[in-house]
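S.K.: Take this structure first; my questions come after.
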Amino acid sequence: MTRNLRLTLAMILVVILAMIGLFAVNRNGDHTGRATGDAGQPVDPAVLVRADSHRLSTAADGKVTLVEFLDFECEACGAVYPAIEEIRDSYGDRITFVVRYFPIPSHPNAELAARAAQAAANQERFAEMYATLFENQEAWGHQRTPQTERFVEYARTLGLDVDRFQRDLDDPATAARVARDRADGETVGVRGTPTFFLNGRQLTEVRTQADMIAAIDAALAA
C-alpha cells in the first residue's frame, strides 16, 4: 500500500468517525444545553481551546486555528499523523495548531500515553513526546500490559528528568488534566478520534489531505 493511499484511507476514516458522531447526536438529542460542533456548527471557543491547551504552532494574527482531539493509541490518528506533520511544516506559524487529549477507554494504554505526553509537557517537551508516541505507536499500541517502562524510556531518550517524569505520570493532577480535555471533547461533540475543528467548526467533509489543505487555505483567505 502506498503512503498516499494510506493517508487517503486515514482521512476517509476521519469522516466516517465524524458522521458516526453526528448520527449519535441526532439520534439521542442533546439535552444538556452544551454547545456541540456537529454538522459544522460553531462551538464555544473557550471550551474548544483552553489557556493551557497544547499549541504546536501559534499564528500571530490568530486568524486560523486547527484543533485536533486525538488518542495516541488510535490507529487512525497514527495514520493521519504524517499528513498533519506535512501540513504543520507547510503552514508553520501561519496557523495555530492545538492538540487536545481524547483517550478512548477501549484502548488499553491510551490514557497512560496521554499522561506521558502531559508529564513531558510539564518539562516543556510536549512536542517531542507527541512525535515519539506516534512514531513508535506500533511498538507500544494495543498491548495488554501497561507500557509505563517504555514511556519512561522515551522520557529518558528525550533527556527529561526521569524521576520527575515518573512522579508526574502517577500524579492525580496529570490524570485530571487529561480527563478535562476529554470532557471538553465530549462537550463539543467529539465521538471518536481523530476529530478536527477549524476555526471553531468541526470538519465533517474532509476526506483527504488535499481537502484539509483546501479548508485551511479558504480560512486563511477569508
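S.K.: Might you check whether a residue that is closer than 16 Å to F69 by Cα, touching a Gly at 6+ places or on another chain (Cβ under 8 Å) and modelled with pLDDT of 95 or more occurs anywhere in the range 178-188?
M.R.: Within the range 178-188, one or more residues are closer than 16 Å to F69 by Cα, touching a Gly at 6+ places or on another chain (Cβ under 8 Å) and modelled with pLDDT of 95 or more.
Quick grid of which residues meet (1) under 14 Å from the mean Cα position of the chain (by Cα); (2) modelled with pLDDT of 95 or more:
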position: R3; (1), (2): no, no
position: I12; (1), (2): no, no
position: M19; (1), (2): no, no
position: A59; (1), (2): no, yes
position: T65; (1), (2): yes, yes
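S.K.: Could I ask something else about it? I'd like the full set of residues that are free of Cβ contacts under 8 Å to residues at least 40 places away in the same chain and acidic (D, E), limited to the range 194-222.
M.R.: Residue satisfying the conditions is D217 alone.
S.K.: OK, next. So which residues in the range 58-104 are of a type in the set (D, E, K, R) and in a strand (DSSP E or B)?
M.R.: Hits for the range 58-104 are E68, R100.
S.K.: So for the range 132-146 (the condition being within 19 Å of L169 (Cα to Cα), within 13 Å of the chain's Cα centre (by Cα) and aromatic (F, W, Y)), does at least one residue qualify?
M.R.: Taking every residue of the range 132-146 in turn, at least one turns out to be within 19 Å of L169 (Cα to Cα), within 13 Å of the chain's Cα centre (by Cα) and aromatic (F, W, Y).
S.K.: Next question, about the same structure. Looking only at the range 116-133, filter to residues that are in contact (Cβ under 8 Å) with a residue 24 or more places away in the chain and over 26 Å from A79 (Cβ atoms); which one of those is least open to solvent (accessible area, probe 1.4 Å)?
M.R.: Only one residue tops the list, namely Q123.
S.K.: Conditions first: (1) farther than 28 Å from A219 by Cβ; (2) of a type outside the set (A, V, I, L, M); (3) not in a helix (DSSP H, G or I). R115 passes all but one, so which condition is the exception?
M.R.: Failed condition: (3).
S.K.: Could I ask something else about it? Within the range 183-193, is even one residue touching a residue at least 12 places away in the same chain (Cβ under 8 Å), part of a helix (DSSP H, G or I), open to solvent by 40 Å² or more (accessible area, probe 1.4 Å) and under 20 Å from N109 (Cβ atoms)?
M.R.: Checked the range 183-193: no residue is touching a residue at least 12 places away in the same chain (Cβ under 8 Å), part of a helix (DSSP H, G or I), open to solvent by 40 Å² or more (accessible area, probe 1.4 Å) and under 20 Å from N109 (Cβ atoms).
S.K.: Of everything in the range 57-85, what is touching a residue at least 40 places away in the same chain (Cβ under 8 Å), open to solvent by 30 Å² or more (accessible area, probe 1.4 Å) and touching a helix residue (DSSP H, G or I) at 6+ places or on another chain (Cβ under 7 Å)? Give them in sequence order.
M.R.: K63, A79, P82
S.K.: Give the residues of the range 139-162 that are more than 15 Å from R115 (Cα to Cα), open to solvent by 60 Å² or more (accessible area, probe 1.4 Å) and either assigned to a helix (DSSP H, G or I) or touching a residue at least 60 places away in the same chain (Cβ under 8 Å) (or both), sorted by residue number.
M.R.: Listed by number, the residues that qualify are H142, R156, T157.
S.K.: Taking the options N136, N109, name whichever one is open to solvent by 10 Å² or more (accessible area, probe 1.4 Å) and not aromatic (F, W, Y).
M.R.: N136
The values are calculated or read from the model by the stated rules, or taken from the named source; none is laboratory data. Here the structure is a predicted model, which means the values were calculated and not measured. For neighbour counting, all protein chains shown are included, and Cβ atoms are generated from backbone atoms with ideal geometry for every residue, glycine included. The protein model used for the area step is the full one, side chains on, heavy atoms only, and it has no ligands, DNA or RNA in it. Shrake-Rupley method; radii C 1.70, N 1.55, O 1.52, S 1.80 Å.
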